[in-house]
1. Could you tell me how many of the residues in segment 201-227 are more than 14 Å from PHE166 (Cβ to Cβ) and exposed (fewer than 15 other Cβ atoms within 10 Å of the Cβ)?
2. If you scan segment 4-20, which residues turn out to be in contact (Cβ under 8 Å) with a residue 60 or more places away in the chain and over 14 Å from MET55 (Cβ atoms)?
3. Test ARG145 against the criterion of being modelled with pLDDT of 90 or more, under 27 Å from GLY210 (Cα atoms), out of contact with any helix residue (DSSP H, G or I) (no Cβ under 8 Å at 6 or more places or on another chain) and crowded, with 16+ Cβ neighbours inside 10 Å, and give yes or no.
4. Collect the residues in segment 49-76 that are surrounded by 21 or more Cβ atoms within 10 Å (Cβ to Cβ) and either small (Gly, Ala, Ser) or modelled with pLDDT under 85 (or both), keeping them in residue-number order.
5. Those residues that are closer than 21 Å to VAL17 by Cβ and either surrounded by fewer than 19 Cβ atoms within 10 Å (Cβ to Cβ) or touching a residue at least 40 places away in the same chain (Cβ under 8 Å) (or both), I need them from segment 77-93; list them, please.
6. Here is a list: LEU46, LEU51. Which entry is touching a Ser or Thr at 6+ places or on another chain (Cβ under 7 Å) and either in a loop (DSSP other than H, G, I, E, B) or closer than 17 Å to ASN3 by Cα (or both)?
7. Residues in segment 60-70: is at least one in the same structural domain as GLU96 (by TED's automatic domain parsing), under 21 Å from the mean Cα position of the chain (by Cα), of a type in the set (Ser, Thr, Tyr) and in a helix (DSSP H, G or I)?
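The values are calculated or read from the model by the stated rules, or taken from the named source; none is laboratory data. Just so it is clear, the structure is predicted and the values come from calculations on it, not from any experiment. Backbone-built Cβ (ideal geometry, glycine too); neighbour counts: all protein chains shown.
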Amino acid sequence: MDNTILIVEDDPELQEVLTLNLHNAGYRVCRASNIRQAEALVNATLPQLILLDWMLPDTPGLSFARKLRSESRSAAVPIILLTGRDGESDKIAGLEAGADDYLVKPFSPRELLARIKAIMRRCAPQHADIAVEIAGLRLDPASRRIVGNGQDIELGALEFRMLRFFMTHPEHVYSRAQLLDAIWGANVYVEERTVDVHIRRLRQALEPTGHKDLLETVRSVGYCFRRVLPVATPRLPAMLQRAPGLPDYIRRAA
């Protein structure tokens with residue numbers, strides 16, 4: 001889910017301090033004190049980033065990091081490992097387990113927030129407020145403005161999230177189930193055909209600026225957002241499309 005960070009930390013005081021600072025920075029926060037709780041939260045709603053303690057009461061944080069990386073749904077979620085271990089071998093072990101960054105306790109909230117922003121910029125443009133542009137269509141998540149060939153485009157909240165997802169994942173075919181999971185969230189239960197309704201609305205909004213055809217239907221699979229508009233095939237004038245042949249002339253004469 002956009003702007004949501006999962007904290008997996010068994011120290012209640014540190015968990016509270018992290019939550020307060022993340023809230024003040026504009027993030028939504030989910031909290032878990034052990035891996036069992038963390039797994040339930042990840043299965044319900046995929047977070048934007050995970051702050052993961054190394055030493056946890058039930059399962060080591062490294063084991064959970066490896067599991068997240070081994071599953072396609074969570075493989076791309078950035079992980080910052082929080083630990084008191086500061087040895088070189090410990091840092092290598094954490095990074096090799098799948099962590100994107102390694103922060104040694106104690107650390108300042110300012111440093112943590114700076115690392116979060118840096119990782120989001122590096123790991124996935126859809127997780128950062130970075131404008132993206134494709135074929136003259138520009139989406140700016142910071143201002144929530146969409147412009148196509150100089151013309152403003154108005155979208156509802158869900159169509160905005162859908163367009164943002166597509167524009168940050170171009171040239172990749174997604175099934176309806178994958179789109180539901182990525183845009184609605186895994187804990188929202190709606191019919192897969194709901195995707196078609198919002199695709200239609202999105203295409204209608206993109207049609208006036210000529211960007212409707214960037215969103216392609218892949219038969220029997222799902223949808224794909226292209227980087228380049230398809231080239232329209234010129235149509236011949238009606239009189240040149242098919243000249244009557246001799247058999248046609250004979251049948252009409254008869």
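1. Quick first cut of segment 201-227, residues more than 14 Å from PHE166 (Cβ to Cβ) only: 204, 207-210, 219-221.
So of that shortlist, the ones also exposed (fewer than 15 other Cβ atoms within 10 Å of the Cβ) come out as 204, 207-208, 219-221.
Of the residues in that region, 6 qualify.
2. ILE5, VAL17, LEU18, listed by residue number.
3. Values: modelled with pLDDT of 90 or more: yes; under 27 Å from GLY210 (Cα atoms): yes; out of contact with any helix residue (DSSP H, G or I) (no Cβ under 8 Å at 6 or more places or on another chain): yes; crowded, with 16+ Cβ neighbours inside 10 Å: no.
Here the answer is no, as ARG145 does not meet what is asked.
4. Residues satisfying the conditions are GLY61, ALA65.
5. Let us first name the residues in segment 77-93 that are closer than 21 Å to VAL17 by Cβ, namely 78-86.
Hits for segment 77-93 are PRO78, LEU82, GLY84, ARG85, ASP86.
6. Details: LEU51 fails: touching a Ser or Thr at 6+ places or on another chain (Cβ under 7 Å).
The match here is LEU46.
7. yes
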